[in-house]
1. Per-residue HN-Hα couplings for the range B:222-231, Karplus 6.51 cos²θ - 1.76 cosθ + 1.60 at θ = phi - 60°, whole Hz, x for Gly and Pro?
2. Need one number for the range A:103-238: average projected area of the convex hull over its C-alpha atoms, nm².
3. If we count every other residue with Cβ under 11 angstrom of B:Pro293's Cβ, Lys/Arg +1 and Asp/Glu -1, where does the sum land?
4. Straight distance only, please: which lysines reach the Cα of B:Lys321 with their own Cα at less than 30 Å, same-chain residues fewer than 8 apart left out?
5. At a 1.4 Å probe, which residues in the range A:74-101 are at least 30 Å² less accessible with all protein chains present than in their chain isolated?
6. As a quick test, which of the pairs A:Lys236/A:Lys264; A:Lys12/B:Lys108; A:Lys29/A:Lys318; A:Lys184/A:Lys275 have an alpha carbon distance above 21 angstrom in this structure?
7. Total Å² of accessible surface buried at the B-A contact, 1.4 Å probe, nearest 100?
8. Please state the charge dipole magnitude for chain B, taken about the Cα centre, from unit charges on C-beta atoms (+1 on K and R, -1 on D and E), reported in debye and rounded to the nearest 20.
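The values are calculated or read from the model by the stated rules, or taken from the named source; none is laboratory data. In this text, all values refer to a predicted model and were calculated from it rather than measured experimentally. Note that each Cβ is placed from the backbone with ideal geometry, even for glycine, and that neighbours are counted across all protein chains shown. All accessible areas refer to the heavy atoms of the entire protein, side chains included, with ligands and DNA or RNA removed. Shrake-Rupley method; radii C 1.70, N 1.55, O 1.52, S 1.80 Å.
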There are 2 protein chains.
Amino acid sequence: MATIFDVARMSKVSIGTVSNVLNNPEKVKTETRQRVLEVIKALNFHPNLSARNLSRLRTDTIALIFPFSKRNRMEPYYTYLLAGITEICFQMNFKLLLSSCTTNINEKEELSIYAEYVESQAVDGLIVTTPKSCDERIKFLVETKQNFVVLGRSNISLDFPWVDIDGSYGMSEAVRYLSTLGHKRIGYIGTPNIFMFSRHRLEGYERGLNNCNIEFDPELVVEVSINEDEVEAGEKGILQLLRLNLPPKAVIVSGNQLALGVIKGINKFGYAVGKDISLICFDDAEWNVHFNPPITSIRQPIYETGKMLSKILIQQIKGVKIKDSHILLKPELIIRESCKKYG
Amino acid sequence: MATIFDVARMSKVSIGTVSNVLNNPEKVKTETRQRVLEVIKALNFHPNLSARNLSRLRTDTIALIFPFSKRNRMEPYYTYLLAGITEICFQMNFKLLLSSCTTNINEKEELSIYAEYVESQAVDGLIVTTPKSCDERIKFLVETKQNFVVLGRSNISLDFPWVDIDGSYGMSEAVRYLSTLGHKRIGYIGTPNIFMFSRHRLEGYERGLNNCNIEFDPELVVEVSINEDEVEAGEKGILQLLRLNLPPKAVIVSGNQLALGVIKGINKFGYAVGKDISLICFDDAEWNVHFNPPITSIRQPIYETGKMLSKILIQQIKGVKIKDSHILLKPELIIRESCKKYG
DNA sequence: CCCTTTAATTGAAGCGCTTCAATTAAAAAT
DNA sequence: ATTTTTAATTGAAGCGCTTCAATTAAAGGG
């Protein structure tokens, strides 16, 4: 493969000049540039990336570490996220390094994946997803002054850039809508409290109730345990609610997979969604619209989130001043046919 | 950040020795090794990856270029594939570079993404997905003697490693099953002929008919056009079939998205799936089991495919002899409740 | 105890680029 | 025509690692 040295020799200039036609074309005389460019084409020369990276001490690469539990292997969520991230990377000429770790990996090991990338200078920045309470990864990245951006907020008192979807808002809207339909007892099936997004959503549920002057009843809230199959968990969750003395006639479910289980459970119980029980699903998986009845959902702007994440991170890496690196996007309640008037 | 030079100085050995404790530990005396290791830990030294890559002239990185049309942004398929690929990468200590290109990008541009990776030596190998008829990418990669593996087969007479799911077998099984139920007129809604997988599946459909002594009727086959919204396409497709003089009472649909549209179309037409019309979906999206009725599907071992792809590619890169680099995995017919006896 | 093997370590030469001070060429000013 | 200014080019010094021939240290053999 041709090197910059070959190009220099053939076009009878120094390698410095060749480098300049590639990186600072305005610095070299037009005719020289032309000549070099021709040789480059003739030799099909492409600068070696490792060499360039070493020399510049940067890689124009960011990393995303995917939490691949069995659970989110299935989440269409991530496909949209990736689409957004890779699109911006492509536009801004950055590369994306993707690696996975299973969520049942212990925290230390997970952190070491991040550390490895950072310390071997394999990437210029990182995207962190699904922060937990007191997230070790965030602490580490702040302490070591890395470039990174988080999908989601944290409860640690450190400042860092993030993009998040306002789960609290989404949930309160869901409650408001159900309240509009006359519901007073609204069930809630949520994800593990360890994740920040779970907390925000639950908080939104409570705030929503409060806004509608509905008293919070802890008996109506079920929290699914981590490591459980989500579909099964949803099924168990809804049955628990339906077996209450005073079962709710409406339920909000915090996640697509859970909702699948919930629907299954409702049917098994002999009830019909949108008839005997109203259902809202947080996150609008594409199949929701195709169910019978179509499921009222809270749609998250995931693709946009992916774009924002990579945009902020890349700007940060490039040292561009960022006006706002705390971005809270609003989800949207998509009303379909899975909720009906109370009574 | 500490460099190998710092480590050498602090542990009073040459940088060569430090390099050896990292890469050929058996070559250095135990006590020296211990001492160096301690310094490495103390300094939190991690070899700079760019330097290592440059020196070794390899990157231990493979690339996957994702075809992100609006279409497969939604395909859960790819999430599973990625899970498999990243898992093996993790195990074998390889990195994965992910980039996307929209399918409406023209072929030349798409090829240039591949060329860029290859020629700048950014990666040691590539995974190519969804080959088309006379796929330019494959030709290029063979000609330039690159390490690569294809998800799918090709119709060009070049030898290259691939992993594929036997779409032909899957389709013929679907036909056989429907024939068992007494169906003679079986509709087929397929994806664009330009993709190899479409051809294999259609071929399997025809072969299946042949095996069952059913005559092939071109009127029962609709091919969706590329660039079309798949759900809509499915809907149009099924309506076209239902409006035939002698409409089929069973239909096989080649893809999840198409199937969503088909179900929609069937309902709009006033028919019920699994009652007025039998339906088989090729590819078993997770929601299929949750539909009412649950959809009989042909399940593809996608996760395994991802694992095989990366395993073969990495072995190839490492120069390991591969027993078999043409792997055809069998899909499986999952019988649920969307098909009923003819009549 | 000296000589031969073998083990351990060193030093320097790459790997292919970028960067920048220093040099040379060309243009503008006097 | 000479000096000053500006533009273009060069050369060499990194960037941080690996590799390997050459050297030195340790071990084994008689």
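1. Using θ = phi - 60°, the values come out as 10, 10, 6, 8, 5, 6, 8, 5, 5, 5 Hz.
2. Numbers: hull surface 37.9 nm².
For the range A:103-238, the mean projected area of the Cα convex hull comes to 9.5 nm².
3. On the way: positive: B:Lys275, B:Arg336, B:Lys340; negative: B:Glu337.
Net charge in that neighbourhood comes out at +2.
4. Within the straight-line limit of under 30 Å, B:Lys321 reaches these lysines: B:Lys27, B:Lys95, B:Lys132, B:Lys139, B:Lys145, B:Lys307, B:Lys311, B:Lys330.
5. A:Met74, A:Thr79, A:Tyr80, A:Leu82, A:Ala83, A:Thr86, A:Phe90, A:Lys95, A:Leu96, A:Leu97, A:Leu98, A:Ser100
6. A:Lys12/B:Lys108; A:Lys29/A:Lys318
7. Working: alone 17440 and 17460 Å², together 30470 Å².
About 4400 Å² of accessible surface is lost on pairing.
8. Details: 42 positive and 39 negative charges, 204 e Å.
In total the dipole reaches around 980 debye.
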